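Asks: Supplied in structure tokens, the structure appears directly below.
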Amino acid sequence: MAKKEECVKLLGFWISPFSRRVEMALKLKGVPYEYLEEDLPKKTPLLLELNPVHKKVPVLVHNDKILSESHVILEYIDQTWSNNPILPQDPYEKAMARFWAKFVDEQILAAGFMPLIKPKKGIEVAIEETRELIMFLEKEVTGKDFFGGETIGFLDMVAGTMIPFCLVRAWECMGIDMISEEKFPGLSRWIKKLNEVEIVRECIPPKEKHIERMNKIIEKSKSS
Ligand SMILES: N[C@@H](CCC(=O)N[C@@H](CS)C(=O)NCC(=O)O)C(=O)O
């Protein structure tokens, strides 16, 4: 729990998987925080002041400390509030959680969004290339409830906010059933399990509003 007189603020954006995962971590740890919503693509002077390097959400302010980049923030939260650990204690497992989280935010996002909107080699090739990457995660989660084991951890927060509660919704807008139960039974089960976690449900963007926004983003990306 937050110690007395601690001040925790989070600058976020409601559809951002990067800021939603930070909220998950704060809620899991039971850290009270003030949430400051940005209205991207507009940026408040506060965001520009606090994150002059990347000018992106999320930004976490903890007393006089300012942090950006969601993976860095999650690790900071985990080390600052030690209850309900997010990262594995074992050095190898910890390294692997970081490895796959980077893979999700870099490779899966890069393959699973723009190339499906503007496929250079055809939509079927773009879908297959994304599925090949997702298959690596299928192998990681098979036989487990969560990537973190019996409870949600770092990789569940990163992959959960990015895949089922962001990309799957974009794929739905595009009419693509990317992660079918038949092709990805492990990930399908993981998504069901994630939906059962109260903290996860609290941090998911409302579906209808999200799909509406996602459709607009997809239309804009098609013509850009
Ligand atoms: N690597 C960053 C990515 C953060 C990010 O891309 N945030 C987006 C919102 S989803 C943003 O603030 N975009 C504003 C911009 O690109 O100008 C992280 O993990 O925090």
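The values are calculated or read from the model by the stated rules, or taken from the named source; none is laboratory data. For clarity, every value in this text was computed on a predicted model and none was experimentally measured. Reconstructed Cβ throughout: ideal geometry from the backbone, glycine too, with neighbour counts over all protein chains shown. Accessible surface is based on the protein model in full, side chains and every heavy atom, while ligands, DNA and RNA are left aside. Shrake-Rupley method; radii C 1.70, N 1.55, O 1.52, S 1.80 Å.
Asks: HN-Hα J couplings of the range 64-81 from phi, Karplus 6.51/-1.76/1.60, θ = phi - 60°, integer Hz, Gly and Pro as x?
Replies: Coupling constants for the range 64-81: 9, 9, 10, 10, 10, 6, 4, 5, 5, 5, 4, 5, 4, 4, 4, 7, 7, 10 Hz.
Asks: How about the range 177-224: which GluC sites (Glu not before Pro) there are in a DSSP loop, with at most 11 other Cβ atoms within 10 Å of their Cβ?
Replies: E182, E196
Asks: Each residue of the range 197-207 in order: what ³J(HN,Hα) in whole Hz does its phi give by Karplus 6.51 cos²θ - 1.76 cosθ + 1.60, θ = phi - 60°, with x for Gly and Pro?
Replies: My calculation for the range 197-207 gives 8, 4, 4, 5, 4, 5, 9, 8, x, x, 4 Hz in order.
Asks: Sticking with this one: Might you tell me the accessible area per residue for the chain, computed with a 1.4 Å probe and given in Å²? Don't skip to the end; give the middle numbers.
Replies: Values: 11720 Å² over 224 residues.
Value returned for the chain: 52 Å² of accessible area per residue.
Asks: Next question. What stretch of the chain, leaving out the sites themselves, is the longest with no trypsin sites (Lys or Arg not before Pro) in a DSSP loop having at most 11 other Cβ atoms within 10 Å?
Replies: 122-224
Asks: Also, I was wondering about something else. Just tell me which lysines come within less than 18 Å, Cα to Cα, of K56; anything on the same chain fewer than 8 places away is out.
Replies: Hits, sequence-local ones excluded: K9, K42, K43, K65, K102.
Asks: Find how much the distance from L40 to C7 grows on full extension, using 0.36 nm per residue of separation minus their present alpha carbon separation; answer in nm with one decimal.
Replies: In short, 9.4 nm is gained.
Asks: So, one more: Out of the total accessible area of the range 8-80 (probe 1.4 Å, heavy atoms of protein only), what percent is carbon and sulfur? Mind dumping the intermediate values first?
Replies: Numbers: 1930 of 3300 Å².
Answer for the range 8-80: carbon and sulfur cover 59 percent of the accessible area.
Asks: Then there's this: Can you show me the helix-derived [θ] at 222 nm for the chain, built from DSSP H runs with n ≥ 4 at -39,500 (n - 2.57) apiece and divided by the number of residues, rounded to the nearest 500. Spell out each step's value before the answer.
Replies: Numbers: 12 runs with 118 residues, N = 224.
The helix contribution divided over the chain gives -15500 deg cm²/dmol.
Asks: Rounded to the nearest 10 degrees, what's the angle between the helix 185-195 long axis and the longest principal axis of the chain, both from Cα atoms, 0 to 90?
Replies: 40 degrees
Asks: Could you give the size of the charge dipole of the chain about its Cα centre, using +1 on the Cβ of each K and R and -1 on the Cβ of each D and E, expressed in debye and rounded to the nearest 20?
Replies: Details: 33 positive and 35 negative charges, 110 e Å.
Charge dipole of the chain: 520 debye, to the nearest 20.
Asks: To continue, here is another question. Evaluate the relative contact order of the chain (contact order divided by residue number), counting alpha-carbon pairs under 8 angstrom at least 6 apart; express in whole percent.
Replies: Details: 269 pairs, mean separation 47.1, N = 224.
Dividing the mean separation by the residue count of the chain yields 21 percent.
Asks: Moving on. Roughly speaking, what is the stretch gain from F99 to S180, that is 0.36 nm per residue apart minus the C-alpha to C-alpha distance, in nm to one decimal? Please list the in-between numbers first.
Replies: Numbers: separation 81, 0.36 × 81 = 29.16 nm, distance 2.47 nm.
Additional length available on full extension: 26.7 nm.
Asks: Determine the gain in length on full extension of the stretch V53-K207; use 0.36 nm per residue of separation and subtract their C-alpha separation, reporting nm with one decimal.
Replies: On the way: separation 154, 0.36 × 154 = 55.44 nm, distance 3.16 nm.
Full extension from V53 to K207 adds 52.3 nm.
Asks: For the Cα atoms of the chain, what angle does the longest principal axis make with the long axis of helix 91-103, in degrees from 0 to 90, nearest 10?
Replies: Roughly 60 degrees, rounded to the nearest 10.
Asks: Quick one: work out the % antiparallel among DSSP beta bridges in the chain, nearest 5. Present the calculation step by step, with values, prior to reporting the outcome.
Replies: Details: 9 of 13 bridges.
Antiparallel bridges make up about 70 percent of those DSSP assigns within the chain.
Asks: Output the Cα-based Rg and Dmax of the range 1-158 in Å, rounding Rg to one decimal and Dmax to a whole number.
Replies: Reported Rg and Dmax, both Å: 17.3, 57.
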